[in-house]
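First the structure, in the form of structure tokens, and then the observations on it.
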Amino acid sequence: MKSLRILVPLAVTVLLTLLAVFSAVWLTGLVPPGDWSDLIKAGIVIFIIGSAIVSLAWSAYFTYIIRTTVERLVSK
């Protein structure tokens, strides 16, 4: 059971990272060539990386809140 506390967040982190990388590659491939293409590609990559970091942080915080709530209920 203790290994689930490590494996589940690790699996979610790996899955979210792979999803972010694939979506960044896919979306930057859709940008047409032109004067602003490099700026648009950089914006896409920054947005996706920022979204992935916020999602991981929110997920970690949510897990922490759930865990402390369950521990508090069990200790009563």
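Every number here is computed from the coordinates shown, using simple stated rules; none is lab data. The structure presented is a predicted model; accordingly, all values stated were derived computationally and were not measured. Counting neighbours? That spans all protein chains shown, and the Cβs are built from the backbone with ideal geometry, glycine included.
Taking Ser37, Ser59, Ser51 as the candidate residues, the one with maximal mean-square fluctuation in a Gaussian network model of the chain, Cα springs under 10 Å, is Ser37.
One compactness figure for the chain is 1.58, namely its Cα radius of gyration divided by 2.2 N^0.38 Å.
In order along the stretch 47-58, phi translates into HN-Hα couplings of 4, 5, 5, x, 5, 5, 5, 5, 5, 5, 5, 5 Hz, rounded to whole numbers, per the Karplus curve 6.51 cos²θ - 1.76 cosθ + 1.60 with θ = phi - 60° and x for Gly and Pro.
Springs join every pair of Cα atoms under 10 Å in this Gaussian network model of the chain, and among Thr28, Thr17, Thr63 the largest mean-square fluctuation is at Thr63. Listed values for the stretch 26-38 are Karplus-derived 3J(HN,Hα) couplings in whole Hz (6.51 cos²θ - 1.76 cosθ + 1.60, θ = phi - 60°), namely 5, 5, 5, x, 7, 6, x, x, x, 5, 9, 5, 5, and x replaces Gly and Pro.
Dipole orientation for the stretch 2-75: of the candidates Val45, Val25, Ser59, Ser59 has the Cα lying most toward the positive pole (charges on Cβ; Lys, Arg +1; Asp, Glu -1).
When only DSSP loop residues count, what chymotrypsin sites (Phe, Trp or Tyr not before Pro) in the chain have their Cβ near at most 15 other Cβ atoms within 10 Å? Show your work: numbers first, answer last.
Details: sites: Phe22, Trp26, Trp36, Phe47, Trp58, Tyr61, Phe62, Tyr64; in loops: Trp36.
Passing sites in the chain are Trp36.
With each label modelled as a point 7 angstrom along the Cα→C-beta vector, the Trp58-Leu16 pair spans 0.9 nm.
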